[in-house]
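The values are calculated or read from the model by the stated rules, or taken from the named source; none is laboratory data. If you're wondering where the values come from, they're calculated on a predicted model, not measured in any experiment. Note that we place each Cβ from the backbone using ideal geometry, even for glycine, and neighbour counts take in every protein chain shown. Remember, those area values only see protein heavy atoms, side chains included, never the ligands or the DNA or RNA. Shrake-Rupley method; radii C 1.70, N 1.55, O 1.52, S 1.80 Å.
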Amino acid sequence: MVFKLYLRDEFIHVLQEIGDSYYQGNLFRDCILTYGGGKVQFGTSNHIVDSDLEIAAGIPRDSPEVKQLLQDFNWRSIKYLGPDRVGAK
């Protein structure tokens with residue numbers, strides 16, 4: 001398994017999958033961040049400006065990763081690309 005590290009980078013106008021990655025001190029401006037599952041370390045040292053979050057189908061909306069992404073950041077929009085898994089933990 002590969003776990004990507006992103007430290008103090010600048011993302012502008014990109015589509016970025018954030019699953020199975022570690023992010024610290026990054027800037028996301030006018031981006032679409034997608035979460036398709038896996039572990040993600042996406043702390044509050046990251047800055048989100050005018051960016052959207054897309055959650056893939058099958059991802060439990062009450063998973064710790066999704067809860068943290070929704071709680072810690074102000075997204076321009078949040079889109080669920082399909083239903084979450086029924087009975088998922």
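Take the conditions open to solvent by less than 20 Å² (accessible area, probe 1.4 Å), at pLDDT below 95 and of a type outside the set (A, V, I, L, M, F, W, C) and apply them to Pro83. Does it pass?
Values: open to solvent by less than 20 Å² (accessible area, probe 1.4 Å): no; at pLDDT below 95: yes; of a type outside the set (A, V, I, L, M, F, W, C): yes.
Considered against the rule, which asks whether it is open to solvent by less than 20 Å² (accessible area, probe 1.4 Å), at pLDDT below 95 and of a type outside the set (A, V, I, L, M, F, W, C), Pro83 comes out as no.
Give the number of residues within region 1-14 that are open to solvent by 100 Å² or more (accessible area, probe 1.4 Å) and part of a strand (DSSP E or B). Steps first, please.
So the first thing to find is which residues in region 1-14 are open to solvent by 100 Å² or more (accessible area, probe 1.4 Å), and the list is 1-2, 5, 8, 10, 13.
Narrowing further to those that are part of a strand (DSSP E or B): 5, 10.
Total satisfying the criteria: 2.
Filter region 46-73 for residues that are assigned to a loop (DSSP other than H, G, I, E, B), open to solvent by less than 50 Å² (accessible area, probe 1.4 Å) and not β-branched (Val, Ile, Thr) and give the result. Give the steps one after another, and end with the answer.
As a first pass, look at region 46-73 and keep what is assigned to a loop (DSSP other than H, G, I, E, B): 46, 50-51, 56-63, 73.
Now narrow it down to the ones that are open to solvent by less than 50 Å² (accessible area, probe 1.4 Å): 46, 51, 56, 58-60, 63, 73.
Of everything in region 46-73, those that are assigned to a loop (DSSP other than H, G, I, E, B), open to solvent by less than 50 Å² (accessible area, probe 1.4 Å) and not β-branched (Val, Ile, Thr) turn out to be Asn46, Ser51, Ala56, Gly58, Pro60, Ser63, Phe73.
Among the residues of region 15-45, which ones are more than 12 Å from the chain's Cα centre (by Cα), within 13 Å of Leu5 (Cα to Cα) and either of a type in the set (Ser, Thr, Tyr) or part of a loop (DSSP other than H, G, I, E, B) (or both)?
The answer is Gly25, Asn26.
Contact list please: Cβ distance under 9 Å, first residue in region 6-20 and aliphatic (A, V, I, L, M), second residue loosely packed, with under 13 Cβ neighbours inside 10 Å, pairs at least six apart or on different chains.
From region 6-20, the pairs are Leu7/Gly25.
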